[in-house]
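> First, the structure itself, so that you have it in front of you.
The values are calculated or read from the model by the stated rules, or taken from the named source; none is laboratory data. What you see is a predicted model, and the numbers here were worked out from it, not measured in a lab. We place every Cβ from the backbone using ideal geometry, glycine too, and count neighbours over all the protein chains shown. Only protein heavy atoms, including side chains, enter the accessible area calculation; ligands, DNA and RNA are left aside. Shrake-Rupley method; radii C 1.70, N 1.55, O 1.52, S 1.80 Å.
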Amino acid sequence: MKRILHLSDMHFGRERPELLEPLLAAINSARPDVVAISGDLTQRARRSQFAAARAFIDRINWPCVVVPGNHDIPLDRPFLRMFRPFSRYRTAIGPNLEPGIVTGDLAVLGVNTVTRWSWQRGRIRSRRVRQLCRSFAEAPKGRLNVLVAHHPFRHSPGSTKDKMIGADKAIETLSGCGAHVVLSGHLHSWHTEAFVSRMQETRVLQVQAGTSLSNRLRGEENDFALIEIDGRDLHVERWVAGAGETGFRRHMRSSFRMGESGWIRLTPKPAGTASDARQSVRMLR
């Protein structure tokens, strides 16, 4: 069995400090094979905020795949944003904006969806999609391909944020060429559901985590996802820390199985969060 622990939107600079140690304890005690962090490590891309994020990552005892979010490039430094948007990120977190970890039966691959030309809206680049498809084509049979991106490819109903540029075309292509799971954040809301392609297949499962540490909760709890992969079965647990709580507890568990035409939900759709309760499966347009 493989385990991936998925964090997102920690927003150092607006974090809940009382959750820092409990979150680190939960991560390290889960003994994941990979920790995936899907962006927005900082609130305003300040050096001090990146230093806090780096110190946090250094205390994780397991391999990490980290990608930037839109908050990780400067908003109030126009020159830096236009000409060196990722300089502070690269210095503190690492030079590779799209890192990956590949083993024989699992690949966790980063995708940078941040663009300097937009404050919130993301973009998925066609070149990166082609690179990923080539990687999937060369992968051994049976390998689970997991992508880590800050921006979701599909938003939950009620979201007021603009959809990522190129999302629909990219997810259709990735679904057809071998992607299995996308881990994302950005919306500060929890959601787990399979995409339905134009071919009526559900080959890509989106796991959208909320915010692990930030006090910008938008009506939901702080959370992270623990994903267990057992053959063709995949289990997603949501761990939460509510208002006034200083520790994380398991809140819900959703199970899926990879069938001939994609993911099949094995458990009833949870109604534990507003986004899950509202969500319906839709065709990608």
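> Within the set of other residues whose C-beta is less than 12 Å from the C-beta of E237, count the net charge using Lys and Arg as +1 and Asp and Glu as -1. Mind showing how you got there, number by number?
Values: positive: R3, R238, R249, R250, R253; negative: D223, E228.
Combined, the nearby Lys, Arg, Asp and Glu give +3.
> At 7 Å along the Cα-to-beta-carbon direction for both S255 and R198, put a label point, then send me their distance in nm to one decimal.
3.6
> Let me ask something else. Which percent of the Cα-Cα distances in the chain go past 24 Å?
Numbers: 18271 of 40470 pairs.
When all Cα pairs of the chain are counted, 45 percent exceed 24 Å.
> State, to one decimal in nm, how far the label point of C133 lies from the label point of V102, with both points 7 Å from Cα in the Cβ direction.
Output for this residue pair reads 1.8 nm.
> Quick check: with the 1.4 Å probe, what order do T192, T103 take by accessible area, largest first?
Details: T192 5, T103 60 Å².
In descending accessible area the options line up as T103, T192.
> So in the stretch 141-244, what percent of DSSP beta bridges are antiparallel if you round to the nearest 5? Can you show the working numbers first?
On the way: 13 of 20 bridges.
DSSP beta bridges in the stretch 141-244 are roughly 65 percent antiparallel.
> What is the local net charge at G122, summed over the other residues whose Cβ is closer than 9 Å to its Cβ (Lys, Arg +1; Asp, Glu -1)?
Details: positive: R121, R123, K163; negative: D162.
Combined, the nearby Lys, Arg, Asp and Glu give +2.
> Loop only per DSSP, at most 15 neighbouring Cβ atoms within 10 Å: give me the trypsin sites (Lys or Arg not before Pro) in the stretch 174-229, ordered by residue number.
Values: sites: R198, R203, R216, R218; in loops: R198, R203, R216, R218.
Sparse-neighbourhood loop trypsin sites (Lys or Arg not before Pro): R198, R216, R218.
> Working from the alpha-carbon coordinates of the stretch 175-278, get Rg over Rh, Rh being the Kirkwood radius. Please report the intermediate quantities before stating the final value.
Details: Rg = 14.2 Å, Rh = 14.3 Å.
Reported Rg/Rh (Cα atoms, Kirkwood Rh): 0.99.
> Hey, another quick one. Taking amide hydrogens as modeled 1.01 Å from N in the peptide plane, which residues meet the under 5 Å criterion relative to M252, leaving out close sequence neighbours?
R238
> With all distinct Cα pairs included, what does the Kirkwood hydrodynamic radius of the stretch 138-179 come out to in Å, to one decimal, could you say?
Details: mean 1/r = 0.0827 Å⁻¹.
Computed over the stretch 138-179, the radius equals 12.1 Å.
> Could you please tell me the mean projected area of the C-alpha convex hull for the stretch 134-210, averaged over all directions and given in square nanometres to one decimal? Mind dumping the intermediate values first?
Values: hull surface 21.0 nm².
If you wrap the Cα atoms of the stretch 134-210 in a convex hull and average its projections, you get 5.3 nm².
> Suppose accessible area is computed on protein heavy atoms with a 1.4 Å probe; arrange H235, H251 from highest to lowest. Numbers along the way, then the final one.
Values: H235 30, H251 65 Å².
Ranked list, largest accessible area first: H251, H235.
> Name all residues of the stretch 172-194 having a backbone nitrogen under 14 Å from the label point set 7 Å from the Cα of R14 along its Cα→Cβ direction, giving them as ranges.
186-189
> Kindly write out, for the stretch 99-107 in residue order, the coupling ³J(HN,Hα) from the Karplus curve 6.51 cos²θ - 1.76 cosθ + 1.60 (θ = phi - 60°), rounded to whole Hz, with x marking Gly and Pro.
Computed from phi, the couplings for the stretch 99-107 are x, x, 10, 10, 10, x, 10, 8, 10 Hz.
> Test of understanding: extend the Cα→C-beta vector of N215 to 7 Å, then name every residue of the stretch 237-268 with backbone N under 18 Å from that spot.
Under cut-off, by backbone N: 241-247.
> From Cα coordinates alone, what are the radius of gyration and Dmax values for the stretch 1-127 in angstrom?
Taking only Cα atoms of the stretch 1-127, I get Rg and Dmax of 14.7, 47 Å.
> Percentage of Cα-Cα pair distances in the stretch 41-109 greater than 15 Å, rounded to whole percent?
On the way: 1298 of 2346 pairs.
Roughly 55 percent, rounded to a whole number.
> Ignoring ligands and nucleic acids, what accessible area does S254 show with a 1.4 Å probe (Å², nearest 10)?
10
> Between W117 and D230, what FRET efficiency comes out of the Förster formula 1/(1 + (r/R0)^6) with R0 = 51 Å and r the beta carbon distance, rounded to 0.05?
Values: r = 42 Å, r/R0 = 0.82.
Approximately 0.75, to the nearest 0.05.
> Continuing with this model, one more query. Divide, for the stretch 119-162, the radius of gyration over alpha carbons by 2.2 N^0.38 Å, where N is the residue count.
Numbers: Rg = 13.9 Å, N = 44, 2.2 N^0.38 = 9.3 Å.
Against the empirical 2.2 N^0.38 Å value, I get 1.50 for the stretch 119-162.
> Continuing with the same structure: Using Cα-Cα distances under 8 Å and only pairs 6 or more residues apart, what relative contact order does the chain have, in percent? Don't skip to the end; give the middle numbers.
On the way: 677 pairs, mean separation 53.6, N = 285.
It rounds to 19 percent for the chain.
> Now for a separate question. In whole Hz and in residue order, list the ³J(HN,Hα) couplings for the stretch 249-258 that follow from phi through the Karplus curve 6.51 cos²θ - 1.76 cosθ + 1.60, θ = phi - 60°; x for Gly and Pro.
In residue order, the calculated couplings are 10, 6, 9, 7, 9, 10, 10, 9, 10, 7 Hz.
> Something else: Taking only protein heavy atoms into account and a 1.4 Å probe, give the accessible area per residue of the stretch 1-103 in Å². Write out the running numbers ahead of the final one.
Details: 4360 Å² over 103 residues.
Value for the stretch 1-103: 42 Å² per residue.
> If you don't mind, another one. Could you tell me the accessible area of R90 in Å² (1.4 Å probe, neighbours in place), rounded to the nearest ten?
Ignoring ligands and nucleic acids, R90 comes out at about 100 Å².
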